Amino acid sequence: MSPTQIQETSWQAEYPLPLWADGAPEALGAGQLHEPQLTVHLPAEELANGCAVIVNPGGGYRILASDHEGLQVARWLNGCGIAAFVLRYRVGPDYATSVSLLDGQRAVRLVRSRAASFNIDANRIGMLGFSAGGHLALAVATNGDDGDAQAPDPIDRCSSRINFSIPVYAVSNGARRGRKADEYTPTDQWVNAHTPPCFIVHTHEDAIVPASQATLFYEALLRAGIAAELHIFNDGEHGVGLAVGDPDVGTWPQLLWRWLRRRGFLTAQSRITLQGALTCAGAPLGMAWLTLIPKNSQNPSARLLLHGRQGGDFVIPEAQGPMPGAHELQIHWISQQSHYDASGKYSLEQSLICTREVLIEADQRLAIHLQPDDFSPLDIDSD
């Protein structure tokens, strides 16, 4: 199934799950506004890939936009084979955002504690949040802990650390935004080596939360050496959700799916280091991209820029390497020169491509020996 499709066959179960069975700590009353919970949305068994995402609807820490930033997002995630858990967290004015954070952390512990029954991987749990829910996702990402091994409640013994964070038009620092500094804590200042990878989405036209809130957090991730991807679309007002109906901004869920796949969050397989050699007519190519596209659509691709001065030998390290299995090998030849100089001379009129079917195995050296006739002009599609 395409990750852009939402069909009834995408999910198999949905039900409410209280965060605390015997009442939430710091609760000021009874009823829905005082009883945080998750709504569990599990994908169809044949689609499930073991990844899980907790979804935080936005609403300025006052309301919860539970349809287009909650249920509909869960449905889309299920279509991608991802288990989704929509969080009903406590909001103001009754509750401070420190209580919202408590709910977010508990949600992570609860999902992790029941990983086996949900058919998910306890090490592939992320949190996606919109606006204030995005701030909560960042607060959880920067305030994770390993759990209390001595806690009487076994759920509290589980880690609250998420494995990835997806803030969408989120506030990252209320003081820098110039509004509600006491509610929107400075999450960018809490980024450290333990902060998980982030996929950040915003729009330039957002008049409620400026896109500078996204770049602020991104720069903190960059300084800390944390993997991150940032998309700021020109168009789109605040609160677009999945941006259905917008042919441009509405591509962000597809970009997210590709990011999750590239980072290895959609599979339990492990990457491997790949060594090999590439020659054409017995000599190395000047400059070429080597790309491995897995036949398993859940597995990440692997890519490496080759320079002729390396003599044709290459190594793709484990962190960026492929996973074992069948792949389409693509060689994109982009220059006959192994390095450019100041002359500005041309050597190749257009990119050339060669494709092969290969089986990647651990501890296998990949030897690729080609001839010039194996290449054909690359058709560049503008769509």
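The numbers here are math on the coordinates, done by the rules we state, and not lab data. Given the structure is predicted, the values throughout are model-derived calculations rather than measurements. When we count neighbours, we look across all protein chains shown, and the Cβ atoms used for this are built from the backbone with ideal geometry, even at glycine.
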Identify which of His307, His339, His202 has the largest mean-square fluctuation in a Gaussian network model of the chain, with springs joining Cα atoms closer than 10 Å.
His339
Taking Cα atoms, the helix 97-113 axis meets the longest principal axis of the chain at an angle in degrees (rounded to 10) of 60 degrees
Between Ala227 and Glu357, what is the spin-label point distance in nm, taking each point 7 Å from the Cα along the Cα→C-beta axis?
3.0 nm
Under Stokes-Einstein, with the Kirkwood radius over Cα pairs standing in for Rh, what whole-number D in µm²/s applies to region 274-377 at 4 °C and 1.567 mPa s?
91 µm²/s
For the chain, set up a GNM with springs between Cα atoms under 10 Å and report which of Leu370, Leu292, Leu71 has the largest fluctuation.
Leu370
Quick query: amide H of Leu306 versus all other amide H atoms, modeled in the peptide plane; which residues come in under 5 Å with a sequence gap of 5 or more or a different chain?
Ala288, Trp289, Leu290
Expected unfolding gain across Arg303-Lys180 under the 0.36 nm per residue rule, minus the alpha-carbon gap, is 39.9 nm
How would Ile54, Ile272 line up from fewest to most surrounding beta-carbon atoms within 10 angstrom?
Ile272, Ile54
Residues whose placed amide H lies under 5 Å from that of Val86, excluding near-sequence neighbours
Thr39, His41, Val55
Relative to the chain, whose Cα atoms define the longest principal axis, helix 212-224 and its Cα axis are tilted in degrees, nearest 10, by 60 degrees
Semi-axes of the equivalent ellipsoid for region 8-262, Cα gyration tensor, largest first, Å:
25, 22, 18
Over the Cα atoms of region 256-303, what is the Rg over Rh ratio if Rh follows Kirkwood?
1.09
Ranked on Cβ counts within 10 Å of their own Cβ, fewest leading, Arg109, Arg303 go Arg303, Arg109
Expressed as an acute angle from 0 to 90° and rounded to the nearest 10, what is the orientation of the C-alpha long axis of helix 132-141 relative to the principal long axis of the chain?
70 degrees
Fewest to most Cβ atoms within 10 Å: Arg365, Arg271 sort as Arg365, Arg271
